[in-house]
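Values in this text are rule-based calculations from the coordinates and carry no lab data. Values in this document were obtained by computation on a predicted structure and should not be read as measured data. No Cβ is skipped: glycine too gets one built from the backbone with ideal geometry, and neighbour counts run over all protein chains shown.
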Amino acid sequence: MYSPIIPVSSSTRSVILDRTKFSVANKRRRSSEDSQTPQAKRFMNQIIGNKSKDQDWNKLKLNSEDAVEITSTKTVYGAKQHLHDEDHCISKDRSKKSKILFALYDVFGVLGQGGGGKVYKAVRKTDKQPVAIKQIMRKKVKHWEKVKGKNIPQEIALMLRIKEHQGIITLHEWFELKDSFIMILERPENSMDIWDYVQEVGWVTETTARMIFEQVVEANIHIHKCGVVHRDVKSENIVLDFNTGDAKLIDFGCGTLLHEDRYKHFSGTPLFYPPEWYNEGYYYARSSATWSLGVLLYEMLCGDVPFNSKEEISKADVKFMVSWSREAKHLISWMLSCDPDSRPSLKDILGHPWMNTK
């Protein structure tokens, strides 16, 4: 079995798909966007106060403190939009006039679901641009951050700190509703997360893994420079754009502010936690990120994670496939060192011989 994605040249991230062997993956990406699923309808009805979607929104009973009218003559119960300014990094081409969610977007099926809420497939009405709409339920927000004097979910605040980067999904804009917050996110139209991709193809070649992995490392370097640590770098949180070959880091729901002291609370996926968390009860952000990246690279090349329990993680005894190159084995073993001080920095990873193999 081999990977259907290969770089066309060293100077481009365009990709070629084997549409015969991997028709299941392609069929999933071609899912219909011209009709709403029941989940999407329930989401829309919830936002507009559990009213029928065919009802005239202008006639909804509004709370004067929470509702905002829009120029398109539609109103949505309990909605306030936070418009463009430098701190919010919202699209500069967006009008400063108040506009409301469903006047701007058509919502379709559910893309995924996490602990804080669901992510929906949607399309922007003005230009048919694909987007993802993430709903964060207010009652499930565990960490808040103050932005310009107002408390907002830390997930949104972290993305506002991150300037646009090719390797990170873009936050176009966000809304505050009565019981939740809504994030409008970039959604590559022809894409799949790396976990699903690996499940389809079994494993990827070292060439393809290198193309993806380099982008993920660069994205993490960027967010660290912005004072943010992701804490949940894994295959499910990396989306691969099949049209461009771009790999984009998503979901900052487990993220937090970067500092050099010990972290004594973990938020993320247990199979990607570093051994020091299980052995000592603490970790450092940078060395922990390196560990997670090591698990990611191993999973892409092997088709499965290297460790399946905290006991295995604590020992960090890595088993390699015979077919892997010597350089790949060395880089992975370096990143998955049991001693966090022995792991490479993200810049060290980029400078490793395996990363520079042509």
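Could you rank the peptides 233-246, 289-302, 187-200 by their average count of other C-beta atoms within 10 Å per residue, with the highest value first?
Per-residue mean Cβ counts within 10 Å order the peptides as 289-302, 233-246, 187-200.
List 252, 272 from most exposed to least, where exposure is judged by having the fewest other Cβ atoms within 10 Å.
Least crowded to most crowded, the residues run 272, 252.
Specify which residue in the list 314, 334, 352 is farthest towards the positive end of the charge dipole of region 303-358, using unit charges on the beta carbon of Lys, Arg (+1) and Asp, Glu (-1), about the Cα centre.
Checking the options against the dipole of region 303-358, the answer is 352.
Mind checking the dipole of region 148-275: about its Cα centre, +1 per Lys or Arg Cβ, -1 per Asp or Glu Cβ, Debye to the nearest 20?
Dipole about the Cα centre, nearest 20: 640 debye.
Past the 27 Å Cα-Cα mark, which pairs from 248/358; 178/234; 310/358?
Listed pairs above 27 Å: 178/234; 310/358.
Hey, quick one: spin label on residue 164, modelled 7 Å out along Cα-Cβ, who in region 183-198 has an amide N within reach, i.e. under 17 Å?
184-189
Taking the Cβ of residue 139 as the center, what net charge do the other residues with Cβ under 13 Å away carry, scoring Lys and Arg +1 and Asp and Glu -1?
Within the 13 Å Cβ shell, the charges total +3.
From the Cα gyration tensor of region 103-209, with a ≥ b ≥ c the square roots of its eigenvalues, which class applies: rounded if a/c is under 1.5, or else prolate if a/b is larger than b/c, or else oblate?
Judged from the Cα gyration tensor, region 103-209 comes out prolate (a/c at least 1.5, a/b above b/c).
From the phi of every residue in region 254-271, what ³J(HN,Hα) in whole Hz does the Karplus formula 6.51 cos²θ - 1.76 cosθ + 1.60 yield, where θ is phi - 60° and glycine or proline is x?
Each residue's phi maps through the Karplus curve to give 9, x, 7, 6, 7, 8, 8, 7, 5, 9, 10, 10, 10, 9, x, 10, x, 6 Hz.
Could you put 210, 326 in order, starting from the residue whose Cβ has the fewest other Cβ atoms within 10 Å?
326, 210
To the nearest 0.05, what FRET efficiency results for residue 309 and residue 347 with a Förster distance of 41 Å applied to their C-beta separation?
Plugging the Cβ-Cβ distance into 1/(1 + (r/R0)^6) gives 0.85.
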